[in-house]
1. Using a simple charge model, +1 on the beta-carbon of Lys and Arg, -1 on the beta-carbon of Asp and Glu, nothing else, what dipole does the chain show about its Cα centre, in debye to the nearest 20?
2. So what does the Cα-only Debye profile of the stretch 1-47 read at q = 0.22, 0.30, 0.33 Å⁻¹, as log10 I(q)/I(0), no solvent term?
3. Out of these labelled values of Cα Rg over 2.2 N^0.38 Å, (1) 1.22; (2) 0.99; (3) 1.45, which was calculated from the coordinates shown here?
4. How much mean residue ellipticity at 222 nm does the chain get from its helices, if each DSSP H run of length 4 or more adds -39500 (n - 2.57) and you divide by all residues, to the nearest 500 deg cm²/dmol?
5. Express in Å², to the nearest 10, the accessible area of Trp92 obtained by rolling a 1.4 Å probe over the protein heavy atoms while all chains stay in place.
6. With axes computed from alpha carbons, what is the tilt in degrees of helix 62-79 against the longest principal axis of the chain, rounded to the nearest 10 within 0 to 90?
7. Which whole-number value in Å² is the accessible area per residue of the chain, probe 1.4 Å?
8. Using a 10 angstrom cutoff on alpha carbons, build the Gaussian network for the chain and name the most mobile of Gln30, Gln61, Gln38.
Amino acid sequence: MPSALSLSLAVVLGLICLAAGLLLGAMPIQNSKMTDPQRRASSLICFIIAIIYIAMLFSGQDLSTWTMLGGIFAGFGIGKIPPIHNALVSRWDFLKPYEPKPKSRQRKRR
């Protein structure tokens, strides 16, 4: 039976990873459709989660590592459900994909 501290750490990390996975799932998957802030945010989120995961792995917190993996995958899966994905993208401008502006087709006169 895990201790109360280990159990609470696992729950907190699982919820944080669920939220991070939801955010990552709401972002575009293709790099060409991501804005620069989205690229930076996804890289930073993944880096921080990887560092925490490795720290928990080396400290022997097996329950925390499994809840982190479960949270990130569940959040990503939930973020990719079309109605939830559309609701998140329409609510926050940060999550909107990059769409290049169409170039004007005006001819230059001499």
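The values are calculated or read from the model by the stated rules, or taken from the named source; none is laboratory data. Here the structure is a predicted model, which is why all the values come from computation and not from measurement. Here the Cβ is made from the backbone with ideal geometry for all residues, glycine too, and neighbour counts use every protein chain on show. Ligands, DNA and RNA are excluded from the accessible area calculation, which covers all protein heavy atoms including side chains. Shrake-Rupley method; radii C 1.70, N 1.55, O 1.52, S 1.80 Å.
1. Working: 13 positive and 4 negative charges, 315 e Å.
Here the size comes out at about 1520 debye.
2. -0.75, -1.06, -1.16
3. Identified label for the calculated read-out: (3).
4. On the way: 4 runs with 74 residues, N = 110.
Per the formula, -23000 deg cm²/dmol.
5. Accessible surface of Trp92 is approximately 130 Å².
6. That works out to roughly 30 degrees.
7. Working: 8320 Å² over 110 residues.
On a per-residue basis, 76 Å².
8. So, out of Gln30, Gln61, Gln38, the one fluctuating most is Gln30.
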